[in-house]
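The values are calculated or read from the model by the stated rules, or taken from the named source; none is laboratory data. Since the structure is predicted, the reported quantities are computational estimates derived from the model, not experimental observations. Positions of Cβ are generated from backbone atoms using ideal geometry, with glycine treated the same way; all protein chains shown enter the neighbour counts.
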Amino acid sequence: MSKTHAEGNPLSIEYPRSRMRILRQPIHPMLVPIPIACIVGVLLTDLTYWWSAEMMWANCSAWLVTVGVIFGYLAAIFGLIDFLGSRSIRAQSPAWPHAIGNVVLLILATLNMFVHSRDAWTSVVPWGLALSAAAVLILLFTAWMGRAPVYEHRVGVAE
Amino acid sequence: MRSALKLLPVALSATLTLTLATYADQPFDIQSQVGPNPVLPDIQQYLFPQMHLSSVVGWKSGETPTVAVGLKIEALATGLQHPRSLYTLPNGDVLVVESKAPPPQPITRPKDIVMRFIEKGVTSGGDPGPSNRITLLRYDPAGGKPPTRSVFLDHLHSPFGVALVGDDLYVANTDAIVGYPYHTGDLTISGNGVTLTELPGGPIDHHWTKSLTASRDGLLLYVGVGSNSNITENGIEAEKNRAAIWEVDRVSGRWRIFASGLRNPNGLTFEPESGALWTVVNERDELGPNLVPDYMTSVKDGAFYGWPYSYYGKHLDPRVEPQRPDLVEKAIVPDYALSSHVAPLGLVFCTVDSLPQKYRGGAFVGEHGSWNRLTFNGYRVVFVPFSGGHPNGKAEDVVTNFLDADGKARGRPVGLAIDKTGALLIADDVGNTIWRVSSAGQ
């Protein structure tokens, strides 16, 4: 564990490696911006629908939450492989709340996707909107916790 | 596509199990929703709508639906192309309207993709051929020979309603009422059609069946125009002039809204004793297995029946925003509930003595059958007794067992008619059959 930590001579150390990579690029960090953008976007379009009652915004929300959930599961699969496949990644303290928080986030987003499959007003107000807001709060926490393994511990950063 | 369809039952049953495990149905007496004062339980909105769909197996040779005591049933014609409604001409010829849904509406949300996929597997029963035509059947029941058939009209636009006034035969396509010259005995229409009135059609054309009937004096036509959504999810502007019955001047083609707030009105016909216009209406989905009861009602001039803002009078639908308290205030409670999700599409009054006497004066209703509840409802023809021009008594089953023992659809009843010999005819759209029900004694 200590030998992978990014200290000492930069030429001799080895950063924690992502297990799932394409051409040495780790997949998990490539995917996560998609669900993050979608989950933030749903809150915005939900609020707009709440204010306007214009069905287009409820439809936007339904697309965003569905795409967010699909790519969220994809990101989770690759993240989980990294997490379970590398003791050095698991050993970092922020990795655990990042993983658990995102599981909770995915469950909320999945519920939210089904709520958004309802017809018209109650696809958003009140439960869709509430779930969208809760998801963004959790996202702020997990994104912060996911930042540390990369920017401080250099998970997946090329040697 | 085919292999994907085979996976559908697996996916559906998994979903069902999930739904079942999450929300066990409260015991509910379906009969409490048959009659003038239905019990209306609390609204239930699910994470995934309760669904139980009946895949189509069709009728095996010799199989028929089951009829009530005193009746017998036979297949008058088979191998049709999605027959949905029937019309008896004065000389006894019967028009079979074979009709397909118009092109699917544009996809506006992920749910549309899922629902389109699900419907493909179950509602149409595969591709029955080109359809969108009217076939004429000529037969003599005493002769025992199968009817002769001819193509009466072809290349129509999702037709449903037919009405004859004098020598003018009107066909209600999904996008227009078209008039044709007809002479008694014609086996086929040779003249060109003339559009009398355009009707709301695509690109969104959610409830597309346009039911049609003519006033007794022949001056006016009444046409049912269904809503463009379950509950305004396509936007309120898509509902303009829909969920209504139009009154059309037969000479000029001018029209007005006769009654509104009727989500999907079909089976337009005049009650013989009172002379009032009656219709059967498909009410809204996805509020629970026992909401909202479908109904039959007399239709009053200028009346508003609730959709989308409310149901059964002033019961508000929380899915509609902004609400319209001014309209809800005057919403009328319909006359007679048929229970939830039965999907009534056909209505005919029994004006003949050839069927058992108990049916005289009452109404037969064709119930296409449910999808939005876990236990099937409908999939039968029921009889509602009438007295003095009003329903009087409980609906009873007349023709049943359209589903087989496994819950697969052998057929589904839609439009009804009484033929010239006084028998009840049933259009069975997935069984591709016309059934003829007559007295067992004859």
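Some points to look at:
- Within region A:32-86, being farther than 28 Å from B:Glu321 by Cα and of a type in the set (Ser, Thr, Tyr) holds for A:Tyr73, A:Ser86.
- Selection within region B:159-172: residues that are within 19 Å of B:Pro83 (Cβ to Cβ) and surrounded by fewer than 24 Cβ atoms within 10 Å (Cβ to Cβ). The member of this set that is farthest from the chain's Cα centre (by Cα) is B:Leu164.
- Taking region A:123-148 as the range and being surrounded by 21 or more Cβ atoms within 10 Å (Cβ to Cβ) and at the interface with chain B (Cβ under 9 Å from one of its Cβ atoms) as the test, only A:Ser123 passes.
- All positions within region B:255-271 that are over 20 Å from the mean Cα position of the chain (by Cα) and over 27 Å from B:Arg324 (Cβ atoms): none
- Some residue of region B:399-407 being hydrophobic (A, V, I, L, M, F, W, C) and within 14 Å of chain A (Cβ to nearest Cβ): no
- Given (1) without any contact (Cβ under 8 Å) to a residue 24 or more places away in the chain; (2) part of a helix (DSSP H, G or I); (3) within 30 Å of B:Gly235 (Cα to Cα), index of the condition A:Ser132 fails: (1)
- The set of residues in region B:311-353 being within 14 Å of chain A (Cβ to nearest Cβ) and among the polar types (S, T, N, Q) consists of B:Gln323 alone.
- When region A:64-107 is filtered for residues that are closer than 14 Å to A:Ile36 by Cα and over 12 Å from the mean Cα position of the chain (by Cα), the ones remaining, listed by number, are A:Leu64, A:Val65, A:Thr66, A:Val67.
- Every condition in (1) over 28 Å from B:Lys358 (Cβ atoms); (2) more than 14 Å from chain A (Cβ to nearest Cβ); (3) surrounded by 14 or more Cβ atoms within 10 Å (Cβ to Cβ); (4) more than 22 Å from the chain's Cα centre (by Cα) holds for B:Asn91 except the one numbered (3).
- Every test in (1) modelled with pLDDT of 95 or more; (2) touching a helix residue (DSSP H, G or I) at 6+ places or on another chain (Cβ under 9 Å); (3) not in a loop (DSSP other than H, G, I, E, B) is passed by B:Ile73 save one, and that test is (2).
- Test for B:Phe117: is it touching a residue at least 60 places away in the same chain (Cβ under 8 Å) and within 30 Å of B:Thr297 (Cα to Cα): no
Conditions (1) under 24 Å from B:Leu316 (Cβ atoms); (2) at pLDDT 95 or above; (3) in contact with a Gly (Cβ under 9 Å, 6 or more places away or on another chain); (4) not charged (D, E, K, R), marked per residue:
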position	(1), (2), (3), (4)
B:Val10	no, no, no, yes
B:Gly35	yes, yes, yes, yes
B:Leu40	yes, yes, no, yes
B:Ser55	no, no, yes, yes
B:Ala68	no, yes, no, yes
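- Picking from residues in region A:82-108 that are within 30 Å of B:Pro110 (Cα to Cα) and either within 14 Å of chain B (Cβ to nearest Cβ) or out of contact with any helix residue (DSSP H, G or I) (no Cβ under 8 Å at 6 or more places or on another chain) (or both), the one that is surrounded by the most Cβ atoms within 10 Å (Cβ to Cβ) is A:Leu108.
- Within this structure, B:Lys145 fails the test of being surrounded by 21 or more Cβ atoms within 10 Å (Cβ to Cβ) and among the charged types (D, E, K, R).
- Filtered by the rule that a residue be touching a Ser or Thr at 6+ places or on another chain (Cβ under 6 Å), surrounded by 14 or more Cβ atoms within 10 Å (Cβ to Cβ) and not β-branched (Val, Ile, Thr), region B:174-194 gives a lone residue, B:Ala176.
- The residue that is surrounded by the fewest Cβ atoms within 10 Å (Cβ to Cβ), among those in region B:261-277 that are among the small types (Gly, Ala, Ser) and more than 14 Å from B:Pro391 (Cβ to Cβ), is B:Gly275.
- Among the residues listed as B:Ser340, B:Ser354, B:Ser370, the single one being buried (at least 24 other Cβ atoms within 10 Å of the Cβ), more than 24 Å from B:Ala259 (Cβ to Cβ) and among the polar types (S, T, N, Q): B:Ser370
- Residues being loosely packed, with under 14 Cβ neighbours inside 10 Å and either at pLDDT 90 or above or farther than 20 Å from B:Gly79 by Cα (or both) - total across region B:115-139: 1
- Flag for B:Glu286 being on the phi > 0 side of the Ramachandran plot and within 14 Å of another protein chain (Cβ to nearest Cβ): yes
- The selection criterion, being over 27 Å from B:Asn290 (Cα atoms) and either among the basic types (Lys, Arg) or modelled with pLDDT under 90 (or both), holds for B:Lys60.
- Restricted to region B:223-244, and to residues there that are closer than 16 Å to B:Pro308 by Cβ and away from chain A (no Cβ under 14 Å), the residue that is surrounded by the fewest Cβ atoms within 10 Å (Cβ to Cβ) is B:Lys240.
- When the residues of region A:62-77 are filtered to those that are in contact (Cβ under 8 Å) with a residue 40 or more places away in the chain and within 14 Å of another protein chain (Cβ to nearest Cβ), the one that is surrounded by the fewest Cβ atoms within 10 Å (Cβ to Cβ) is A:Phe71.
- Evaluated against (1) touching a helix residue (DSSP H, G or I) at 6+ places or on another chain (Cβ under 9 Å); (2) farther than 23 Å from B:Asn230 by Cα, A:Leu137 falls short on exactly one condition, (1).
- Number of positions in region A:109-122 that are outside any helix (DSSP H, G or I) and surrounded by 24 or more Cβ atoms within 10 Å (Cβ to Cβ): 3
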